[in-house]
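The structure appears right after this line, and notes come after that.
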Amino acid sequence: MGSLHFEHEFGNKPLDSEEFRRQGHLIIDFIADYKNVEKYPVRSQVEPGYLRKRLPESAPYNPEPIETILQDVEQHIVPGITHWQSPNYFAYFPSSGITAAFLGEMLSTGFNVVGFNWVSSPAATELENIVTDWLGEMLNLPKSFLFSGNGGGVLQGTTCEAILCTLTAARDQTLRKIGRENIGMLVVYGSDQTHSALQKAAHIAGINPKNFRAIKTSKSSAFCLSAEALQATIKSDIEDGLIPLFLCATIGTTGIAAVDPLQPLCEVTRRYGIWVHIDAAYAGSACICPEFRHFLDGIENADSFSFNAHKWFFTNLDCCCLWVKNPSALNQSLSTNPEYLRNKASDSRKVVDYKDWQITLSRRFRALKLWLVLRSHGVGNLRNFLRSHMKIAKHFEDLVRSDKRFEVVAPRNFSMFCFKVSPSSALFKHENDDEKDEKSNEMTKTLLEKINTSGKVCMSHAIVGEMYVIRFAVGASLTEEKHVVGAWKVVQQNLDSILSH
Ligand SMILES: *Cc1c(COP(=O)(O)O)cnc(C)c1O
């Protein structure tokens with residue numbers, strides 16, 4: 001197949017399977033050895049611009065062997081990696097890859113299909129239909145979200161895309177009734193804890209920035225969105241002649257993993273015909289365990305639901321699972337039908353064409369990796385894996401609670417919780433109330449920076465209700481109890497060291 005021509009141009013044949021086997025083994029060995037990730041500082045210690053100083057100014061004219069390239073990966077790339085797979089990684093939310101997902105990703109990369117519609121790779125579409133139904137059943141989603149109940153699931157890249165797509169569908173559905181000229185009247189609701197993805201989506205979808213409501217939450221209600229506050233905000237918007245469009249409720253907020261109460265919220269939204277999207281990016285995973293499913297009670301009155309299998313569901317980035325009750329609302333906003341994509345299967349309307357469920361046309365075969373995760377471990381093990389993370393998180397929480405210098409700022413629902421140096425601890429007994437808050441915030445911030453600079457563990461922060469808090473999220477696949485015991489020592493030692501200065 002023109003291989004002589006390629007050989008001439010590439011030096012190596014671009015698809016020589018023996019050479020691929022040899023080089024592939026080198027890379028697999030390299031990645032398998034990466035399980036010793038504990039030997040690296042968790043947060044990368046490099047300075048901005050470090051890499052430009054180390055790499056040549058231009059691409060090589062002549063080919064280079066894989067061995068040389070791998071050496072450079074070890075020497076120059078690895079130092080600039082923050083090791084999300086480290087068992088001592090507790091920052092943001094986990095990116096908990098496991099080998100089954102990695103192998104699925106390899107298969108998908110191997111086929112390298114572009115499955116925009118059914119005919120372009122029937123297995124890609126049909127497996128995605130099946131695994132989203134499987135997963136929907138594992139979450140005990142109402143049947144109306146599954147293909148078998150005339151809803152359906154799609155694997156998108158990220159939650160940001162899922163929210164944008166559902167908001168756009170909701171917008172167009174309403175504008176078809178009230179006329180496009182009224183777009184300036186539409187209002188979007190969330191809380192001050194809702195992920196910034198909602199604001200970005202509202203911006204891209206052309207929602208008037210004045211009509212974006214981030215309803216205030218408070219410490220006393222554990223930073224959940226209150227149905228009464230939502231009701232009052234909607235009422236006042238309607239009095240002003242505005243049109244309530246969309247609510248994004250969150251199960252497991254990014255800041256502190258708060259859970260918005262779906263049932264009461266949906267009772268409000270139902271009165272006004274508002275589209276409800278449930279963003280469970282991180283905590284959705286936990287709901288495959290029967291004892292956590294109650295967090296989704298009320299979902300039957302929502303319109304769409306998404307969670308990131310690439311966060312705490314062991315599937316390599318990227319893999320956001322989105323289910324909708326009414327796929328045709330998505331399709332009406334997102335479908336295009338140029339002649340070159342026309343085919344008999346699509347015309348028959350018997351197949352799903354996922355290009356009409358998302359922003360992009362081209363799409364990866366993501367279902368394979370999710371299928372491998374589900375099959376290689378089984379629902380029982382996946383549940384136990386999640387439970388073990390929650391148990392480890394509880395252990396750390398107990399350690400924090402045993403030290404009176406700290407406080408846990410909100411109840412822990414899942415494997416993540418937040419803590420800070422306590423303003424009411426004896427450390428600040430000479431300060432007045434304002435000073436206590438300010439100083440405990442400052443000390444918490446200094447403490448986090450010291451912890452991360454140590455390279456021994458990595459955590460991140462949030463600001464909720466004017467408190468600066470350290471977020472501690474368990475979920476890396478290699479983390480065991482001994483790692484959080486170690487992490488707690490690092491926290492204590494660094495606080496001691498701050499106090500001794
Ligand atoms: C992480 C997160 C997001 C953003 O997810 P992406 O997939 O990166 O877009 C949105 N919402 C919540 C609650 C999150 O935790």
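Residue by residue, here is whether (1) touching a His at 6+ places or on another chain (Cβ under 7 Å); (2) closer than 28 Å to residue 372 by Cα holds:
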residue	(1), (2)
288	no, yes
292	no, yes
295	no, yes
301	no, no
307	no, yes
315	no, yes
318	yes, yes
325	no, yes
331	no, no
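Under the condition of being surrounded by fewer than 18 Cβ atoms within 10 Å (Cβ to Cβ) and of a type in the set (Asp, Glu), the residues counted in the stretch 345-360 number 1.
Only one residue in 251, 243, 274 is within 13 Å of the ligand (Cβ to nearest atom), buried (at least 18 other Cβ atoms within 10 Å of the Cβ) and at negative phi. Which one? Write out each step before concluding.
Values: 243 fails: within 13 Å of the ligand (Cβ to nearest atom); 274 fails: within 13 Å of the ligand (Cβ to nearest atom).
Checking each option against the conditions leaves just 251.
Pull up the stretch 177-197, narrow it to residues that are of a type outside the set (Lys, Arg) and under 21 Å from residue 359 (Cβ atoms), then point me to the one that is farthest from the ligand (Cβ to nearest atom). Here the residue is 183.
Which one is surrounded by the fewest Cβ atoms within 10 Å (Cβ to Cβ), of the residues in the stretch 8-65 that are among the aromatic types (Phe, Trp, Tyr) and not in a helix (DSSP H, G or I)? Among them, the one singled out is 61.
Going residue by residue through the stretch 154-176, is there one that turns out to be modelled with pLDDT under 95, away from the ligand (no atom under 14 Å from the Cβ) and in a helix (DSSP H, G or I)? For the stretch 154-176, residues modelled with pLDDT under 95, away from the ligand (no atom under 14 Å from the Cβ) and in a helix (DSSP H, G or I): absent. In the stretch 198-219, what residues are open to solvent by 50 Å² or more (accessible area, probe 1.4 Å), within 16 Å of the ligand (Cβ to nearest atom) and in a helix (DSSP H, G or I)? Once the filter is applied, which keeps residues that are open to solvent by 50 Å² or more (accessible area, probe 1.4 Å), within 16 Å of the ligand (Cβ to nearest atom) and in a helix (DSSP H, G or I), the stretch 198-219 yields 199, 200, 203, 204.
Would you say residue 425 is of a type in the set (Gly, Ala, Ser), crowded, with 20+ Cβ neighbours inside 10 Å and closer than 18 Å to residue 470 by Cα?
On the way: of a type in the set (Gly, Ala, Ser): yes; crowded, with 20+ Cβ neighbours inside 10 Å: no; closer than 18 Å to residue 470 by Cα: yes.
No: the conditions fail for residue 425.
Which of the residues belonging to the stretch 109-122 are under 16 Å from residue 350 (Cα atoms) and surrounded by 15 or more Cβ atoms within 10 Å (Cβ to Cβ)? Steps first, please.
Going through the stretch 109-122, the residues under 16 Å from residue 350 (Cα atoms) turn out to be 116-122.
Across the stretch 109-122, the qualifying residues are 116, 117, 118, 119, 120, 121.
When the stretch 293-316 is filtered for residues that are more than 16 Å from the ligand (Cβ to nearest atom) and in a helix (DSSP H, G or I), the ones remaining, listed by number, are 293, 294, 300, 301. Every listed requirement among (1) in the same structural domain as residue 316 (by TED's automatic domain parsing); (2) surrounded by fewer than 16 Cβ atoms within 10 Å (Cβ to Cβ); (3) touching a helix residue (DSSP H, G or I) at 6+ places or on another chain (Cβ under 7 Å) is met by residue 179 save one, (3).
Evaluate the following for residue 486: is it surrounded by fewer than 18 Cβ atoms within 10 Å (Cβ to Cβ) and outside the structural domain of residue 310 (by TED's automatic domain parsing)? When the stated conditions are applied, residue 486 passes them.
In the stretch 128-151, which residues are touching an Asp or Glu at 6+ places or on another chain (Cβ under 6 Å) and open to solvent by 10 Å² or more (accessible area, probe 1.4 Å)? Lay out the reasoning, then the answer.
Going residue by residue through the stretch 128-151, those that are touching an Asp or Glu at 6+ places or on another chain (Cβ under 6 Å) are 142, 146-147.
Passing the criteria: 142, 147.
Taking the criterion of being within 24 Å of residue 164 (Cα to Cα) and either assigned to a loop (DSSP other than H, G, I, E, B) or open to solvent by 10 Å² or more (accessible area, probe 1.4 Å) (or both), the residues of the stretch 280-292 that qualify are 280, 281, 282. Restricting the first member to the stretch 152-175 and to residues that are within 22 Å of residue 243 (Cα to Cα) and open to solvent by less than 10 Å² (accessible area, probe 1.4 Å), and the second to residues that are within 13 Å of the ligand (Cβ to nearest atom) and not in a helix (DSSP H, G or I), the beta-carbon pairs closer than 7 Å and six or more apart or on different chains are 163/248; 163/277; 163/279; 165/359; 166/277. Whether any residue in the stretch 225-236 is closer than 23 Å to residue 330 by Cβ and within 16 Å of the ligand (Cβ to nearest atom) is what I want to check. No; the residues of the stretch 225-236 include none that is closer than 23 Å to residue 330 by Cβ and within 16 Å of the ligand (Cβ to nearest atom).
Can you name the residue in the stretch 317-335 that is open to solvent by less than 10 Å² (accessible area, probe 1.4 Å) and either more than 10 Å from the ligand (Cβ to nearest atom) or more than 12 Å from the chain's Cα centre (by Cα) (or both) and is also nearest to residue 367 (Cα to Cα) among such residues? Spell out the reasoning first.
Initial filter on the stretch 317-335 (open to solvent by less than 10 Å² (accessible area, probe 1.4 Å)): 319-324, 329-330.
So of that shortlist, the ones also either more than 10 Å from the ligand (Cβ to nearest atom) or more than 12 Å from the chain's Cα centre (by Cα) (or both) come out as 321-324, 329-330.
Numbers: 321: 10, 322: 13, 323: 14, 324: 17, 329: 23, 330: 20 Å.
Taking the candidates together, the pick is 321.
Residue pairs whose Cβ atoms lie under 7 Å apart, sitting 6 or more positions apart in sequence or on different chains, and linking a residue in the stretch 311-325 that is touching a residue at least 12 places away in the same chain (Cβ under 8 Å) to a partner that is within 9 Å of the ligand (Cβ to nearest atom) and small (Gly, Ala, Ser), are 311/281; 318/157; 320/157; 320/162; 320/306; 321/306; 322/162; 322/306. Looking only at residues in the stretch 448-480 that are of a type outside the set (Val, Ile, Thr) and part of a helix (DSSP H, G or I), the one that is most open to solvent (accessible area, probe 1.4 Å) is 449.
The values are calculated or read from the model by the stated rules, or taken from the named source; none is laboratory data. Predicted model, so just to flag it, every value in this text is computed and none were measured. Here the Cβ is made from the backbone with ideal geometry for all residues, glycine too, and neighbour counts use every protein chain on show. Please note that ligands, DNA and RNA were not included when accessible areas were found on the heavy atoms of the full protein model with its side chains. Shrake-Rupley method; radii C 1.70, N 1.55, O 1.52, S 1.80 Å.
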